[in-house]
Every structure is written in structure tokens, then in C-alpha cells.
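Working notes for the structure below.
Nothing in this text is a laboratory measurement; each read-out follows from the coordinates by a stated rule. Please read these numbers as outputs of a predicted model, since none were measured by experiment. A quick note on method: Cβ atoms are made from the backbone with ideal geometry, for glycine too, and the neighbour counts reach across all protein chains shown.
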Amino acid sequence: MLSTIPKQKRSWRRLAIRVIVVLMFTLVTAEIALHVGYAFYRPDLNFSALIDLQHNVIHNESPDRRAARTSVLHPYVGLVIDPTLNSKSNAYGFWQIDGPLLKRSSNTVIVGITGGSVARDLCTFSAETLRNELSRRLPDKEIRIVCLAQEGFREPQLAMTLAYFQTLGAEFDVVLSLSGFNEAVLHPAESRGDALWIGYPRDWDFRLRDTEDIELNRMILEGQTAQVQRKVWAARAYRLRQIPLLSLHGTWAAIDSVYRERADKVTARLIASRDRLVNRYANVGPGTRYESAELRRNAQCEMWCAGARQLHRLSRFKDAKFLLCLQPNLHDGAGKPLTTKEREILRTGSIYREWVIQNYAYFADAGAALRSEGIAFYDLRRLYDGVSSTVYRDECCHFSKAGNDLLAEHIAELISGEVSPRESRP
């Protein structure tokens, strides 16, 4: 029986089928290539990780220190996360775990963790590891953890934060300062000489962006526009998260990298243009000048020690234990066998390395001297010696999930040694 379909229609149908077959073949080939490529070159990046990245961009919750985490000025502690833009922070702008305004009782141990982004990451990634380890060591206690840390925090912000929360009514059994890197390294690496006072928060001169400089305002707008576009594209891709195609979400990752790089370049140009910011007291603080980098380091170290003394006094006055821990760092980790990934991180170079090498040992010695004043100081620089797995995740100071878990386990051991399980609270 002869077909009643006209030849022209049959040819169009065959063409459509061929196009569909070619597209399907291309899609399958692309999926296979992407799976193989990610497996070999980016094993940490899979479909689930891409969806998480989209969510983080939308909600400004990326743990990466370069992310445009939305922070706002705070009248007492400098800067906090804007809780209206980050669902994982509490009403006070700190990462939410427990509380944060808790009262002590006979069956609880409340641990407050202060410091910079490393302390914040300990709360973010390994709070449950710390809780479980402490519960195992102190089985008759309920462990509560309160995050008092923020990215970039350094003394005197740590002492100011504890005083602020205590004034609001928060009580603690243990206060832990996981710090030292920001005080020893951030200022000399990121601020030029004495342009910004060492006692002001990180990038404070840069944070006060009220300026009449047209070019600076244009750069600020350009950077903000790039971040808005990142959120727009992430939201579009996230709506398609039920479609498990790497080619689809990998395309989003490529687009996101363009806008992220654009925002990073704007940030670099803004940092290079610091001199054009209004050189006011509100921006840069007291015009203290140091004759050498060594004298500036000594002043920074003394501020770290003074902050530790104040944390110790504030804790002791409220009958809490205080622990000061100098955090480990990749550039000071001579005893750790480096993995391939960690060697690659070192090869990329770092603006922080020279300052870790120059300043870290001095801070360790100063911390050890605080023991004579009754301060429980622990030098954690050798914590990862002999650990063969990857624990460092970037060229700055941050750890992988495995690194944070090891840190949490060790800190649990230190805390349990300071807190007697027989102690009771009235």
C-alpha cells in the first residue's frame, strides 16, 4: 500500500529525526566526556557539588573566602553576616549552631568558639564532630556550641565579641580562641605598611565605601553587578536541579566562572586603588607608624596577647575556662607529607607565605609565654604532622572537611582536659 504522506513531509520528518539523533548523540557524548573529565581533573566537582554551589551563590553561603559573602557593619564588633541574606546565620549575624544566648546548667557544657574564618569553618563543617567527641569524653554532659567567629576577625574583635555576647546575657563553660594567623599574617599581607591601623578590622578602610570618587563608584557598581548576575544565573540553573545533566549544570559553572572572575578583578582593582579612598580617621584609625616590619609584628603580637588576656579575664570572671590555640598553617607545616593537591596549592604561590615564615614562630613563642600568666595556650602548628591525607584546601589558612574533623577531635581532647566531668553548676 502506497504511503499517503507527501514526499516533502516525509523528508522533513526524516530530517527532524536525524537532527534529534545527532543532538542526543552529542548530549550523550558530552555527558560521558564531562564525567570522565571531572573524575580525572576535578574529582571534587560532581552533579551534587554543582547544585550545592548554585544554592550557595544564591544565598551567599559559600565557604570560599573569595566569595562575596554579604556582611554588614556592626557597631561593636566591626562586621557580621547579614542574617537577612544568609539563612544559616542567627539574628546576631553569627553562624547558627546552638543558642546563641544560653544559660549554664549542671548538665551542660557550653563552648564558645571565637576567631577568624578557620574558627568559623570549625563551626561550619565540624561542630557535630566536636560535639560527638566531647559527648564521648564527657558522657554526663549535654554539649552546646556557640559560634563567635567571623571571617577576617582578629584582636581586639575576639575580646569585643565575647564581651558583647556576655553583655547580652550569654553564658559559657568554655571559651576557645582559635587564632593567631589573622593577627600575624593578614595585616602585613593585605594592608600596605601603616596605611591601616593594626587594631582596626580587616579591610576597614575598604569597607567604608562612601566616596565621591566617580571612578571608584563605577568599579563598585561593576563588582556588584557581576555578583548580581552570578545570583541570577545560579537561580536559573537551580530551578533545573531535578535534571541530572552535567552538560547543563557544567555550562552554568562556566558562566559563573566568568562573572566570578570579573568580580575578583574588580576587587583587585579596588584594593589597588586604596589611596583614592578618603584618608579619614573613620577609615584608617590612629596614624601609628612603625620604623620596621619587625616592630609592626611585635605590636600585632602584643595586641593578640592582650586580647587573649582580656578573653581570659572575661572568662574567669564568669567562672569559665579559656583556651588559646595557635592554628596550623600550610606554610608552616614542615612535618606534614604533602599530597598532590597540597603541592599544587603551594605551587600557585601565596601572598601570605612570607609572613607566615617571618611571623608565626614569634607568635608561638609569645603564646607559650602566656602560660606563666595562667592562660591555657596550645600550639597546634604540628597538629597535622604525619597526616598523609589532604587537610589544607587553599593557599591561605583553611582546611578540608577531613582537616576540620581532625582539628575538632584534638580540640575536644584539650577541652575535656580543662573541664572536669565531675564539675557541676549551681
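A compact table of results
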{"quantity": "Stretch gain in nm, segment Val228-Lys103, where the contour uses 0.36 nm per residue and the Cα spacing is subtracted", "calculated": "40.9 nm"}
{"quantity": "Unit charges on C-beta of K, R, D, E only; dipole of the chain, Debye", "calculated": "1980 debye"}
{"quantity": "Alpha carbon centroid spacing (whole Å) that separates segment 253-327 from segment 161-194", "calculated": "10 Å"}
{"quantity": "In the chain, lysine pairs with alpha-carbon atoms under 30 angstrom apart (chain gap of 8 or more, or interchain)", "calculated": "22"}
{"quantity": "Difference of contour (0.36 nm per residue) and Cα-Cα distance, Tyr281 to Ile32", "calculated": "83.8 nm"}
{"quantity": "Relative contact order of the chain, pairs being alpha-carbon contacts under 8 Å that are 6 or more residues apart, as %", "calculated": "20 percent"}
{"quantity": "Share antiparallel - DSSP beta bridges, the chain, percent rounded to 5", "calculated": "20 percent"}
{"quantity": "Label-point separation in nm, Asp319 to Asn46, each point 7 Å along Cα→Cβ", "calculated": "5.0 nm"}
{"quantity": "Among [x] 91, 39, 37; [y] 102, 57, 43; [z] 66, 44, 41, the entry that matches Cα extents along the principal axes in Å as calculated here", "calculated": "[y]"}
{"quantity": "Long-range HN-HN contacts of Glu142 with modeled amide H, under 5 Å", "calculated": "Thr108, Val109"}
{"quantity": "Full-stretch length increase - Glu344, Arg241 - with 0.36 nm per residue and alpha-carbon distance subtracted", "calculated": "33.9 nm"}
{"quantity": "Positive dipole terminus of the chain, leading residue within Gly403, Leu73, Met219 (C-beta point charges)", "calculated": "Met219"}
